[in-house]
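Here's the structure, in structure tokens; my notes come after.
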Amino acid sequence: MSDSNFDIGDIHWLMDILQNIDVGLVVLDRNYEIHLWNGFMESHSGISPQNAKGQNLFELFDEIPRDWFTQKSEAVFQLKTRTFTIWEQRPYLFKFKNYRPITGRAATMYQNTSIIPLESINKTVDHICIIIYDVTDVAVNREDALNANRSLGQLSREDHLTELPNRVVWEQEVQREYSRCCRSQNPSTLVVFDVDNLTEINAQHGHKTGDEVLKIVSDSLRQTMRQTDLPCRFGGDLFAVLLVDTNEENASRFAERIRKTIEVLDVQTQEQQLKVTASIGVAEFSNTFANETDWIHAANKALLHAKQQGGNKTTLYHPKAHQ
């Protein structure tokens, strides 16, 4: 009698554990009718075990992809081996709302799911058990980390003020283009320019106004260039553009479009409208350049010549003229 009472007590404790454990437990038969539905599932679905029992899983939860789930489950029935899915593969099996206070910005609970075979006394598998793990904290923290890494990667490649590629990225592309031009002898050209009067603007109106000028100039550059052109903010008020497969003549036209676009810009301050101009240097690839640094220096020499001529000009680099 005592052994029988002990066995009944064990079963009672086991059922109590199943109802209160902090994972979802669902037992299904071959027809995908529900035989067990624990407290976790009731709490998150709002469906009691009494109402769930005997219901078809797919009729009760039409968001579960029937073909996908039955394919995974049939393998468990037939092979008698467990299977699982993780949230990276499929965010959830049951679309439960997320009520966790720490990760409350996730609308839906992320879930890992295991499906295990339940053998009967005669060793057949007529039922399977689905175990649902709430991994919302893990998933949200992982996504936060990935987003942070993506943001850091973007920041490392981008000028924070103008959102153009920064100097490091641009110089790497120029290095690659220099090597390509050496092999192919195709023309490519560098265009560099700076804002003529930014120092005076910063002194008279403050650096906030100067920053606004730089953002407006960078927007004008985006509107002027082609999709294949690579711009950058080189530093301070200096900008640069790599024009791939573009000779000096076409690059000069491009530079003049930039110069004229900047020349007609109006930058509004509290006191007045500011006029902005730019000086531009243009240097086509040449076999005389020992490396990409020489190429960049050539464009800078042409820019310096434009500034020495009074600014608001475009100057083409020629070795004899800029020695």
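The values are calculated or read from the model by the stated rules, or taken from the named source; none is laboratory data. For clarity, every value in this text was computed on a predicted model and none was experimentally measured. Quick reminder, even Gly has a Cβ in these numbers, built from the backbone with ideal geometry, and neighbours come from all protein chains shown. For accessibility, only protein heavy atoms count, side chains too; no ligands or nucleic acids. Shrake-Rupley method; radii C 1.70, N 1.55, O 1.52, S 1.80 Å.
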- With the condition kept exactly as written, say whether any residue in segment 268-282 is open to solvent by 10 Å² or more (accessible area, probe 1.4 Å) and at pLDDT 95 or above. no
- Task: Return the total of residues in segment 29-83 being touching a strand residue (DSSP E or B) at 6+ places or on another chain (Cβ under 7 Å) and among the small types (Gly, Ala, Ser).
- Result: 4
- Task: Answer yes or no: is there a residue in segment 294-314 that is part of a loop (DSSP other than H, G, I, E, B) and hydrophobic (A, V, I, L, M, F, W, C).
- Result: no
- Message: Just the residues that are exposed (fewer than 14 other Cβ atoms within 10 Å of the Cβ), among the β-branched types (Val, Ile, Thr) and under 39 Å from the mean Cα position of the chain (by Cα), please, taken from segment 17-65.
- Response: Ile21
- Would you point out the residue of segment 94-143, among those that are open to solvent by 60 Å² or more (accessible area, probe 1.4 Å) and assigned to a helix (DSSP H, G or I), that is modelled with the lowest pLDDT? Glu143
- Identify the single condition in (1) at pLDDT below 95; (2) surrounded by fewer than 18 Cβ atoms within 10 Å (Cβ to Cβ) that Asp294 does not satisfy, given that it satisfies every other one. (1)
- Query: So which of Arg259, Arg226 ends up being charged (D, E, K, R) and not in a helix (DSSP H, G or I)?
  - Reply: Arg226
- Count of segment 234-266 residues which are touching a Leu at 6+ places or on another chain (Cβ under 8 Å) and of a type in the set (Val, Ile, Thr): 3
- (1) charged (D, E, K, R); (2) open to solvent by 70 Å² or more (accessible area, probe 1.4 Å); (3) at pLDDT 90 or above; (4) more than 26 Å from Tyr317 (Cβ to Cβ): which one isn't true of Arg176, the others all being true? (4)
- Message: Here is a check on your reading of the model: is Asp194 surrounded by 14 or more Cβ atoms within 10 Å (Cβ to Cβ), on the phi > 0 side of the Ramachandran plot, in contact (Cβ under 8 Å) with a residue 24 or more places away in the chain and not in a helix (DSSP H, G or I)?
- Response: no
- Query: Taking the stated definitions as given, is Lys208 in contact with a Ser or Thr (Cβ under 7 Å, 6 or more places away or on another chain) and over 20 Å from Thr314 (Cβ atoms)?
  - Reply: no
- Query: How many of the residues in segment 66-79 are surrounded by fewer than 15 Cβ atoms within 10 Å (Cβ to Cβ) and over 25 Å from Asp134 (Cβ atoms)?
  - Reply: 4
